[in-house]
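Here's the structure we're looking at; comments come further down.
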Amino acid sequence: MSRISSRFAQLRAANRGALIPFLEAFDPDRETSSAILRGMPAAGADLIEIGMPFTDPMADGPTIQAAGRRGLAAGATVAGTLAMVRDFRTADDETPVVLMGYLNPLLAYGVSRFCADAQAAGVDGLIVVDLPSEEADLLLPDATKHELDIIRLVAPTTSDARLQQVLAGSSGFVYYVSITGITGTRSASADDLAAAIPRIRRATNLPIAIGFGVKTPAQAAGAVRVADAAVVASALIETLAADLTDGRAALGTAAKILHQISALSHAVRAARQESVAA
């Protein structure tokens, strides 16, 4: 069983949703992003999503675009991101790690080589935002060979017929993009999520994570009441960005992010117990 499947099975047995915090590799520098990454599990991260900086992040809003620019300015590369994961694995062999990025850097790196190196580094899954289902064969065979889950995005506008095509070859979990548009710009309502998630559950047995608009502990708790996981990205990066001086992290920047993750985790862990008590 993969780390992702194992972690969701553990959480399901405990009747608990997952918190999936996001960080952009090398934002604002390798040392700070690595410190945040190392501290995430103890702060309450159940899975971790790492963004691979790219010059044309079409799905990302201004907050994550700026994080990517900072990461690139600090020297982020695909190889450097994999090295961060490899370093993380020296102390943590259990927390699932998912890389999020775009197809162009993987093609430039070499898809077969990338999948082999990602597996060797300890990566568990991939989210390739701009890889359509019709071109999945560019990645899926090598990812499958190297035991990497391919996590697909499903949007509110995904039709039932399209949903079946998108989910073909998916593994790990399904990432529900809860809004139409780019990351970090607005949030879906509880009613919207309550209506959307059952339709996806009818189409797959994979866990469902909600992202693109989950910012607060209350929103994260609401997400895991209807789905299996909450992904929080822009809110964490906004905290980091606000703590920078001339683009540089302060001594306590990583601690601030980890404190925020702890608050999110507390809300996620309590969410279903509150529902049962009510």
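Descriptive notes on the structure:
- Selection of segment 102-133 for residues being among the polar types (S, T, N, Q) and not in a helix (DSSP H, G or I) yields an empty set.
- Pairs, first closer than 16 Å to ILE48 by Cα in segment 261-278, second at pLDDT below 95 and not in a helix (DSSP H, G or I), C-beta under 6 Å, six or more apart: none
- Which listed residue is farther than 15 Å from ALA83 by Cβ, of a type in the set (A, V, I, L, M, F, W, C) and crowded, with 19+ Cβ neighbours inside 10 Å, from ILE50, ILE4: ILE4
- The condition of being modelled with pLDDT of 95 or more, of a type outside the set (S, T, N, Q) and more than 22 Å from ALA59 (Cα to Cα) holds for only one of ASP117, ASP149, that being ASP117.
- When ALA73, ALA67, ALA108 are checked against the criterion of being surrounded by 19 or more Cβ atoms within 10 Å (Cβ to Cβ), of a type in the set (A, V, I, L, M, F, W, C) and modelled with pLDDT of 95 or more, a single residue qualifies: ALA67.
- Index of the failed condition, ALA277 passing every other in (1) of a type in the set (A, V, I, L, M, F, W, C); (2) within 26 Å of GLY169 (Cβ to Cβ); (3) at pLDDT below 95: (2)
- ALA143 closer than 22 Å to VAL226 by Cα, among the small types (Gly, Ala, Ser) and part of a helix (DSSP H, G or I): no
- The sole residue among ILE20, ILE4 that is over 30 Å from ALA250 (Cβ atoms) and among the hydrophobic types (A, V, I, L, M, F, W, C) is ILE4.
- Residue in segment 160-173 that is under 27 Å from LEU19 (Cβ atoms) and either of a type in the set (D, E, K, R) or surrounded by fewer than 17 Cβ atoms within 10 Å (Cβ to Cβ) (or both) present: yes
- Qualifying positions in segment 1-44 - in contact with a strand residue (DSSP E or B) (Cβ under 7 Å, 6 or more places away or on another chain) and among the acidic types (Asp, Glu): GLU24
- Answer from ALA235, ALA249, ALA209 - the residue that is farther than 24 Å from ALA74 by Cβ, modelled with pLDDT of 95 or more and surrounded by 17 or more Cβ atoms within 10 Å (Cβ to Cβ): ALA209
- Segment 25-36 residues that are at positive phi and at pLDDT 95 or above, paired with ones that are not in a helix (DSSP H, G or I) and not polar (S, T, N, Q) (beta carbon under 7 Å, 6 or more apart): PHE26/PRO53; PHE26/ALA74; PHE26/GLY75; PHE26/ALA76
The values are calculated or read from the model by the stated rules, or taken from the named source; none is laboratory data. Since the model is a prediction, treat every value here as computed from it, not as a measurement. Positions of Cβ are backbone-derived with ideal geometry, glycine not excepted, and every protein chain shown enters the neighbour counts.
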